[in-house]
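These notes concern the structure reproduced below.
All of the numbers you see were taken from the coordinates with simple rules; none came from a lab. Keep in mind it's a predicted model, so treat the numbers as computed, not measured. Here the Cβ positions follow ideal geometry from the backbone for every residue, glycine too, while neighbour counts run over all protein chains shown.
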Amino acid sequence: MDWDDPIPEENRREWVIFFNDLPEMENIPVKRCMNPSNAVGDPVLVIFSDGSNNAYGACAYVRWELSTGEFDSYLILSKNRLAPVKRMSIDRIELCGVVLNKRLKIILQQQCGYTFQGCYHIVDSQIVHAMIHKGSYGFNTFATTRVGEIQEGTEKNNWYWIESKHNIADWLTRGMRPNEIDFNGNWQKGPDFLKLPESKWPVTQTPTAVR
């Protein structure tokens, strides 16, 4: 396209929606205190990551047990980036998201005032999950560098696989509109299963389904 050519109508509609949505972001409330008054003990850190042809990212939730026996969770930090312009395989992009997953953990450990009693790293790529549990040797340079960084800063047993439909980090790769990320929604509170005992979470360390 030349400089003075009008953009295609489909792209124009997307930009109009985007600019109309921007002012609505100012009306989204965000909870400042993430420590419930009836919390019991130290929280658990749960970090999800995902990747697509458009973007990759990770989001972290702090999860508390309450004196009532229930659980509550809040978004504490998230980060996403656009996928490289140069096309690469989806597994490589997913691996980049996992690196962000690991880095969020390090940042929170260093900068957050909470002491976490445990950490869950959750991904929906079986291939990447298997790479994390394997030695960093035997991969090409791209994978070796990233797998090595991941293994250096985390415990292999803390990495879990989940079906894509349960992975909240998917929101980081496909985008959401302001009315979908309000205070009581899944983005700020985390997926519904975080309200269940950990034994009932749909996560596993030995995925068997084919992605």
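In terms of packing, defined here as the mean over residues of other Cβ atoms within 10 angstrom, the peptides 121-131, 24-34, 92-102 line up highest first as 92-102, 121-131, 24-34.
Peptides 185-193, 59-67, ordered by how many other C-beta atoms sit within 10 Å of their residues on average, highest first, read 59-67, 185-193.
Taking packing as the residue-averaged number of other Cβ atoms within 10 angstrom, the listed peptides 105-118, 145-158, 45-58 run from highest to lowest as 45-58, 145-158, 105-118.
The gain in end-to-end length when the Thr68 to Glu24 segment is fully stretched comes to 12.3 nm, 0.36 nm per residue minus the alpha carbon separation. When DSSP beta bridges are restricted to pairs lying wholly in the chain, around 75% turn out antiparallel.
Straight Cα distances below 16 angstrom link Lys156 to the lysines Lys102, Lys105, Lys134, with same-chain residues fewer than 8 positions distant left out. Think of each Lys and Arg Cβ as +1 and each Asp and Glu Cβ as -1; about the Cα centre, that makes the dipole of the stretch 9-204 roughly 540 debye.
From largest to smallest, the equivalent ellipsoid semi-axes obtained for the chain from the alpha-carbon gyration tensor read 30, 26, 15 Å.
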